[in-house]
1. Can you list residues whose amide H is under 5 Å from ARG132's amide H, if they're 5+ apart or on another chain and H is modeled 1.01 Å from N?
2. First select every other residue whose beta carbon is under 15 angstrom from the beta carbon of GLY20; then total the charges, Lys and Arg +1, Asp and Glu -1.
3. Please enumerate, by chain and number, the aspartates and glutamates with C-alpha under 13 Å from the C-alpha of LYS145, excluding those fewer than 8 residues away in the same chain.
4. Just to verify a number: FRET efficiency for THR52 and HIS6, C-beta to C-beta distance, R0 = 30 Å, to 0.05?
5. Using a 1.4 Å probe on the protein heavy atoms, what percent of the accessible area of the stretch 105-245 belongs to carbon and sulfur?
6. Kindly provide the helix-only [θ] at 222 nm of the chain, computed as the sum of -39,500 (n - 2.57) over DSSP H runs of four or more divided by all residues, to the nearest 500 deg cm²/dmol?
7. Show me 128-136, 202-210 ranked by packing, highest mean number of other Cβ atoms within 10 Å first.
8. Enter the accessible area per residue of the chain (Å², integer; probe 1.4 Å; all protein chains in place).
Amino acid sequence: SWGSGHYQALQVLLNRRFQGGLALLVSYTFSKSIDTGCSGSLGIESCSIQNTYNIAADRSVSSTDVPHLLSISGVYELPFGAGKAFQTGNRAVDYIAGGWKVNVISMLRSGAPYNLAVSGDIANTGNVNYMRPNVSGSHKLDNPKVERWFNTAAFSAPAQYTFGNLGRNVLRSDGLVNFDLGLARVFAVTERARVEFRAEAFNAFNHPTFAAPTSNIASPTFGRVLALATGTAPRQLQLGVRVTF
């Protein structure tokens, strides 16, 4: 159990309680997490230290490092209908148009770091699947796409009995941009009976969040993104009605 880890963060919170038809909660975290390898547990990062006699050489951002995390949630009562800023004076129209609320739950987050790998025991340490490649030139692309997330030509296998010069967790996967939107209204049927209508859109703008690309330089799909990130999905629409009495 060697090594060390450090975490530093700036956290900002804005909380507006329901007033004037609006309630809003915004939180932002700017942080950095650094350690020497094997971040977390449950498969977050395998032990990827190249040289166990020089652990400090693998000091880098943790695999759980999220530099930017912005979360926004809010409810807004639309200003239509009787007693609101916009009313027609027609009881039927104002009744139908009034009482609607929209809500949003959103999250914007930096992508997660990941490693590139070289199969085998090139450095002759007696281990396997610990090697990282050599990098020469820039691996960044101005417009990365799923077919080519980074410049694969910048990477190569290290020479026999040497370690790769690519740092640990140098690359990052796609960042998360997600907005869940909802529209709701409660209709009074009788003094006790209520009917609530809800329309919801999850990932409303259908923004894809891609998983990390294939990381092994020997793979024919090296540098390609083959799936969406775990826990993300395309846009989903949902309608619901609830009756209470």
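The values are calculated or read from the model by the stated rules, or taken from the named source; none is laboratory data. Note that the structure is predicted; figures quoted are calculated from it, not measured. Note that we place each Cβ from the backbone using ideal geometry, even for glycine, and neighbour counts take in every protein chain shown. Each accessible area value is taken on the protein alone, full model and side chains, heavy atoms only, with ligands, DNA and RNA left out. Shrake-Rupley method; radii C 1.70, N 1.55, O 1.52, S 1.80 Å.
1. VAL118, GLY164
2. Here the charged neighbours net out to +3.
3. List returned: ASP174.
4. Numbers: r = 21 Å, r/R0 = 0.70.
For R0 = 30 Å, the calculated efficiency reads 0.90.
5. Numbers: 4540 of 8210 Å².
Within the stretch 105-245, the accessible surface is 55 percent carbon and sulfur.
6. So the helix-based figure for the chain works out to -500 deg cm²/dmol.
7. Working: 128-136: 17.8, 202-210: 15.7.
The packing order, highest mean first, is 128-136, 202-210.
8. On the way: 15180 Å² over 245 residues.
On a per-residue basis, the chain sits at 62 Å².
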